[in-house]
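Worksheet for the structure shown next.
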Amino acid sequence: MVFGLKDFLFKGGARSPANLPEDVRQALADWRATKAPALDGPHFHTRYVVIDIATSGPRAAEDELQGLAAVGLPNGAIQPADAFALDLSAEDADDAAVDRRLTAFLTYAAKAPLVTYHGPFVAGFLQRAFKERLGVDFQPQWVDLAWLLPSLFHEKSMVTLPLDDWLEMFGIAGSGRRDTMANTLMLARLFQMLLVRATGKEIATAGKLIEESQAATFLRRNH
Amino acid sequence: MSTEQQAIGQAEMELRQQGSRRVAGSTQNFLKLHAPFDKMTVEALQLFADKAQLTFYAAGSEIVGPDSGNVRFFYLIESGKVQARQAGEVTVTEYSILSLSAGESFPIGAVTAGRPSTNTYTAVEDTFCYQLPAEDFLTLMATSREFNLFCTQYIASLLNQSRQQLQLQFAQRASEQQTLNSPLAGIGSRSPVSVAPETPLRAALESMSKAGVGSLVIAGNDRKPVGVFTRSDLLDRVVLADLPQTAPISQAMSPAPFMLEEHATAYDAMLAMATNGIRHVLVTDAEGKLTGVVSERDLFALQRVGLRQIRQTIESAANVEALQQSAADVRQLSFNMLAQGVGAEQLTQFISVLNDALTRRVIQLNLENHNFDGIEWAWLAFGSEGRDEQTFSTDQDNGIVFACADEAAVDGLRQRFLAFALGVNKDLDRCGFPLCKGNIMASNPQWCLSLDEWKEQFSQWIRVPQPEALLNATIFFDFRTLFGKAELAEAMRRHLLMQTSSNPMFLRCMAQNALDVEPPLGKIRDFLTDLEPDQPGKIDLKKYGSRIFVDVARIYALATGVHNTNSVQRLRLASKRLSIRDEEINAVLEGLDFIQLLRLRHQYLEGEPGRQGDNLINPDNLNELDRRILKESFRQARKIQTRLKLDYQVH
């Protein structure tokens, strides 16, 4: 399966929608037609989706996306009922099934703002997968913890740090290796803490938080 | 909806379920580390993990309070610290402030009853909580026996778990001390005498004689046993069978000997002997090669210490030296009982019973040199001994009461009792009951008094409750007859209760005194560990723990005319007369029981052999469960203090 997927994902370039199974095409059309949720309400009323991915290596252009794990925070809380896990290295699915699973993620996320650590890295893999596999130009709103954390918790660090350093500073480090979902849950907890801090700094809506994330990324990259 | 769309829907549902399972799995990993969840069934954990959401509360933020309306969640602290503060006026039944940490939950009462919380819960550190919606909480209560028990009998269920842990911990120790649980590898002969099957009978008997053993193992070159030969076989299988001394031993041995592997326990061996009517069990390694022999006698040696035997030995001891051995046995047996998970109340009473027997025997032995015929007198125990609450480290607190109608003869009689008491005090010291540092001993003329003198002494303390009188009251009012005329002590008791009931001022002073020391609960930290300046980081479990209960018990006993001296009995009986609810007093008693258990355990585990153990524990060294119970136990101490405060209007 992995090889088949590789052929599709990493050699073929953008896939023509005509080759997609009918149900996938229909679902994608529905997804495109849905309106993205408003981002001007308080964080508590915004559903964020925290995501982490598993890859075969660091380069989005060459390495494979092996899986993703996501949890939704519909009201600032991590809800077990609002979670999603996709393992692409499993060998039990045919191509149509893989198409359906990737599409299912789009339906699950429902255009909510995505929260992750090192947004460009995650975005790169997702963009390529959705492009090559489904012909979708995946451009969600990103909240990047890697850049936001030093921006909002500058008393802890002024510069970007490896994730584990942040976890340790916040005292929420678990022991041992984490799988993708465990990592996502850690990110979600950092994000919960960050939301409280952001609200305190009058970054009270998702829209503002996304702006802040973009600004932090830009400023810190360039200055 | 078309079937195609259903296929996408199906995929999404499956992947959502997969995600949910993993999130729930992470919650379960947390739950498994904490009581009572670690004892709950897989289904119950699953229910909790599927429904509980994880929420963050920054330091300083309120989580739930009286103003939040009916409680919608059961909160379980994942990490951080939460402070509970009672809203409004302090009532008798609750603490005013307490701090909760990871693994603790709230507000159990309110969420069960579906009412607003009476406390305000505030995060004092950054805190993550699992929040289980009220309806799922109720489902869990209804479906999980463990969880229900936990919520309804919070402290009792924790205590039970702690006892089980204790048993495990002690099983280790106990096996080191060779009980019936110890593996055969450490028992009996490690280098048994063995010969080959073809060895001539005479040579085999010679090697038995030379080694001075009563049995012989017959094993092949591979060291695998094929038979046993014992002295009793000599009669039946050799002499009476007319077997020539040149015959190989294999003809005389009992073939197919009973064998156990090294990791089998002494108990297994004992069972095998009883079932098969044999006196020896061969011990082999995993390959079946001979490594030892365990005899019936080896097993008896393990069981040397037993309650009945100790009592018999004490009661028939001919001298103090014999009693010294018994004192050591008492200690050993109490340790074994501690290891078996016997509760503190029973254990301290048990220690008292045996120590009583020991003291009585010491008194009897000393009476051989003194003649008090025709005189009514009694040997009294005071303090913890008087209350049947002795721990492993107890010094002497005793006195004598005697009846003497002729006032002029009192002093002469006292001298005779003092001489006798000195001998008893010294002998008790030799048996491991150190002399009392405060000289509260029968050999002190102050505490060797006639009945009238005792009554007068009591009256004086009660009339003029100065600090010293109050201190004495806490020791001397807990008295009990160990030997002699119990009627004398009863007369003292009647006098005491009459005096105290007609002097309410005295009890109020006692109450004030009892409230001088508070349980070491911190407002933010769990425990205050800096109360003893020379013992930083430690808590004196006697001074700040059990004594609080004991003092309150004494006051209520005196106030309600309870004759008992034991604190548990005092509290039970007094609470009936004061119409305190059973659940309430049971929680208090469990708190006391746990603190006593910790003291016993500490004295045993930390104490150096031959040295008096202390009552100083470092709470950081306790496991999480024990810390929680200790905290709850201190809360119970605070609770009865609060009641005392209200009852006696002490502020």
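The values are calculated or read from the model by the stated rules, or taken from the named source; none is laboratory data. In this text, all values refer to a predicted model and were calculated from it rather than measured experimentally. As a convention, Cβ positions derive from the backbone with ideal geometry for all residues, glycine included, and neighbour counts pool all protein chains shown. What goes into the accessible areas is simple: the full protein's heavy atoms, side chains included, and nothing from ligands, DNA or RNA. Shrake-Rupley method; radii C 1.70, N 1.55, O 1.52, S 1.80 Å.
Numbers for the structure displayed
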quantity	calculated
Local net charge near A:Lys35, Cβ-Cβ under 15 Å (Lys/Arg +1, Asp/Glu -1)	+1
Rounded accessible area of B:Arg627 (nearest 10 Å², 1.4 Å probe)	60
Computed E for A:Ala96/B:Arg85 - FRET, C-beta separation, R0 41 angstrom, nearest 0.05	0.10
Gap separating the Cα centres of the stretch B:104-144 and the stretch B:247-278, nearest whole Å	59
Helical segments meeting 20 Å axial Cα length and Kyte-Doolittle -0.5 threshold in chain B (DSSP H)	B:320-339, B:344-367, B:410-430, B:486-501, B:582-605
About the Cα centre, charge dipole magnitude for the stretch B:3-151 (Lys/Arg +1, Asp/Glu -1 at Cβ), debye	200
Descending semi-axes in Å of the stretch B:3-151, equivalent ellipsoid built from Cα gyration tensor	31, 17, 15
Per-residue SASA entry for A:Ser56, accessible area with 1.4 Å probe, Å² rounded to 10	60
Where A:Glu22, A:Glu211 fall by accessible area, highest first, once all protein chains stay in place (1.4 Å)	A:Glu211, A:Glu22
B:Leu646/B:Ala403 FRET efficiency (R0 41 Å; Cβ-Cβ; nearest 0.05)	0.45
The stretch B:420-450-the stretch B:473-546 distance, computed between alpha-carbon centres (Å)	22
Given charges at beta-carbon only (K, R positive; D, E negative), |dipole| of the stretch B:184-302 in Debye	260
Largest to smallest accessible area among B:Phe483, B:Phe56, B:Phe258 [probe 1.4 Å]	B:Phe258, B:Phe483, B:Phe56
Fraction of beta bridges assigned by DSSP in chain B that are antiparallel (%, nearest 5)	85
Accessible surface of B:Phe433 - all protein chains present, 1.4 Å probe, nearest 10 Å²	20
Rounded, prolate or oblate (a/c below 1.5 giving rounded, otherwise prolate when a/b exceeds b/c) for the protein assembly as shown by Cα gyration tensor	oblate
Nearest-ten-degree value, helix A:180-200 long axis tilted from longest Cα axis of chain A	40
Contact order relative to length of the stretch B:3-151, as percent, for alpha carbon pairs under 8 angstrom and 6 or more apart	31
Averaged over A:193-200, number of beta-carbon atoms from partner chains that fall within 10 Å	2
About the Cα centre, charge dipole magnitude for chain B (Lys/Arg +1, Asp/Glu -1 at Cβ), debye	400
Gain on full stretching of the segment that runs from B:Asn623 to B:Ala419 - 0.36 nm per residue minus C-alpha separation	68.4 nm
Share, in percent, of DSSP beta bridges within the stretch B:184-302 that are antiparallel, nearest 5	75
Spatial separation of Cα centroids for the stretch A:62-111 and the stretch B:201-216, in angstrom	79
Where B:Lys645, B:Lys210 fall by accessible area, highest first, once all protein chains stay in place (1.4 Å)	B:Lys210, B:Lys645
Antiparallel DSSP beta bridges within the stretch B:226-294, as percent of all bridges there, nearest 5	65
Residue-count net charge about B:Arg145 - beta-carbon cut-off 13 Å; Lys, Arg +1, Asp, Glu -1	-1
On Cα atoms only, tilt of A:119-134 relative to the major axis of chain A in degrees	20
The stretch B:184-302: Rg to Rh, with Rh as the Kirkwood radius over Cα pairs	0.96
GluC sites (Glu not before Pro), loop per DSSP, at most 12 other Cβ atoms within 10 Å - longest free stretch of chain B	B:369-651
Computed over chain B: relative contact order in percent, which uses C-alpha pairs under 8 Å that are six or more apart	11
Contact order normalised by residue count of chain A, Cα under 8 Å, 6+ apart, percent	26
Cα gyration tensor, the stretch B:399-558 - rounded (a/c under 1.5), prolate or oblate	oblate
Cα gyration tensor, chain B - rounded (a/c under 1.5), prolate or oblate	oblate
R0 of 30 Å, Cβ-Cβ distance A:Phe44-B:Ile524: FRET efficiency to nearest 0.05	0.55
Computed [θ] at 222 nm, helices only, for chain B once each DSSP H run of length n ≥ 4 contributes -39500 (n - 2.57)	-16000 deg cm²/dmol
